[in-house]
Amino acid sequence: MRLIMWMSAAGEIMVVNSTRHPAGCWAEEVAVPYRLFKERGYQVEVVTAGGRQPVLDRRSLNPDVLHAMRPPGSRADDRARAASWREVLRGAGELRDPTPVESLDRRALIDCDGLFICGGLACLADRTEATLLGRLLPEAAALEIPVAAIGYGLAATLAARDAEGNYLFSGRRLTVLGREEERRLPLHPRLPIDLEDELTAHGAEVARGPIPWDAWVVEDRGLVTGQNPYSANLLAERFLARLAASRARQVM
């Protein structure tokens, strides 16, 4: 069993006023799904643009930041959470030797069970990366390969087009970081795009959970999306269930 895990390799983003700001992938959105996938026996192939090593957003392992990015009233040892993710990522050899996404084609997807798109501010950095992934996603759709994405990872899907030139996920229900959640991000007013507006303009139907920073997952026709970092565990579990159902149909 094999999964492709796409990650941005960008280490900074250009924000409004043309200044650069450090960015990267978000630890929880990588480590939690990766650990579950490996525990369930999947081979995980990490892919990035150019095969460059992905960059981790250092803030995503800061306990104070983690405390602010979970549901109000929830209890958790944020220091222990960060330590566990750091250990997972340190042991993930795939992160140190990614496959170039541009080297993948339809043949490389034939024995792939699913494609997981990690999140983080890095996903807003470079549309070139999105273009490379956008070339691969229609091939995955043609092969009926389930796709999952979390948070800002959906920005990497914007370049994906169907045979008629429309956004590949137009008409689908999906979820993305909510505006109330984004307002807690210091960079929010200066981000290069408003992802919710972009997805809506591309024809997607954005659905958000009722409680900010709580786990929220939306499934629609082979696309499974998670709203925020706290959704990573629920998203991975739902995605694994989708993969199991897909394998069962193939056996029948």
> For Asp194, Asp78, what ranking results if the residue with the fewest other Cβ atoms within 10 Å of its Cβ goes first?
Replying inline: Asp194, Asp78
>> Looking at the chain as a GNM with Cα springs under 10 Å, which of Ser84, Ser74, Ser60 has the largest mean-square fluctuation?
In response: Ser74
> segment 107-158: D in µm²/s via Stokes-Einstein (Kirkwood Rh, Cα pairs, 10 °C, 1.306 mPa s)?
Replying inline: 141
> If you add up the charges near Trp213, with Lys and Arg at +1 and Asp and Glu at -1, over every other residue whose beta carbon is less than 12 angstrom from its beta carbon, what do you get?
Replying inline: -1
> Which value, in debye to the nearest 20, describes the size of the charge dipole of segment 2-251 about its Cα centre when Lys and Arg Cβ atoms bear +1, Asp and Glu Cβ atoms bear -1, and nothing else is charged?
Replying inline: 460
>> Just to confirm a number: summing +1 for Lys and Arg and -1 for Asp and Glu over residues other than Ala76 whose beta-carbon lies under 14 angstrom from that of Ala76, what do you get?
In response: -1
> In percent, what relative contact order does the chain have, based on Cα pairs under 8 Å that are 6 or more apart in sequence?
Replying inline: 22
>> Computed from the coordinates I sent, Kirkwood radius over Cα pairs in Å equals one of [x] 20.1; [y] 18.0; [z] 18.5. Tell me the label.
In response: [y]
>> Tell me the mean residue ellipticity at 222 nm calculated for the chain from its helices only (DSSP H runs of n ≥ 4, each -39500 (n - 2.57), averaged over every residue, nearest 500).
In response: -10000 deg cm²/dmol
> Using the Cα gyration tensor of segment 18-76, with a ≥ b ≥ c the square roots of its eigenvalues, what is the shape: rounded (a/c below 1.5), prolate (a/b larger than b/c) or oblate (neither)?
Replying inline: oblate
> Expressed as a whole number of Å, what is the distance separating the alpha-carbon centroids of segment 168-216 and segment 25-103?
Replying inline: 21
> What does the highest-first list of 236-242, 221-227 look like by mean Cβ count within 10 Å?
Replying inline: 221-227, 236-242
> Give or take rounding to whole Å, what are the principal axis extents of the alpha carbon atoms in segment 184-252, in descending order?
Replying inline: 50, 26, 20
> From the Cα gyration tensor of segment 95-182, with a ≥ b ≥ c the square roots of its eigenvalues, which class applies: rounded if a/c is under 1.5, or else prolate if a/b is larger than b/c, or else oblate?
Replying inline: oblate
> Which ordering of Val30, Val44 is given by a fewest-first count of other beta-carbon atoms within 10 Å?
Replying inline: Val44, Val30
> For the residues Ile145, Ile150, Ile117, what sequence is obtained by ranking on other C-beta atoms within 10 Å, fewest first?
Replying inline: Ile145, Ile117, Ile150
> With contacts defined as alpha carbon pairs under 8 Å and 6 or more residues apart, what's the relative contact order of segment 21-110 in percent?
Replying inline: 42
> With Cβ to Cβ distances under 12 Å as the rule, what net charge do the other residues near Arg249 carry (K, R +1; D, E -1)?
Replying inline: +1
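Each value in this text was obtained by applying a stated rule to the coordinates, not by laboratory testing. Predicted model, so just to flag it, every value in this text is computed and none were measured. Don't worry about glycine lacking a Cβ; one is built from the backbone with ideal geometry, like all the others, and counts go over all protein chains shown.
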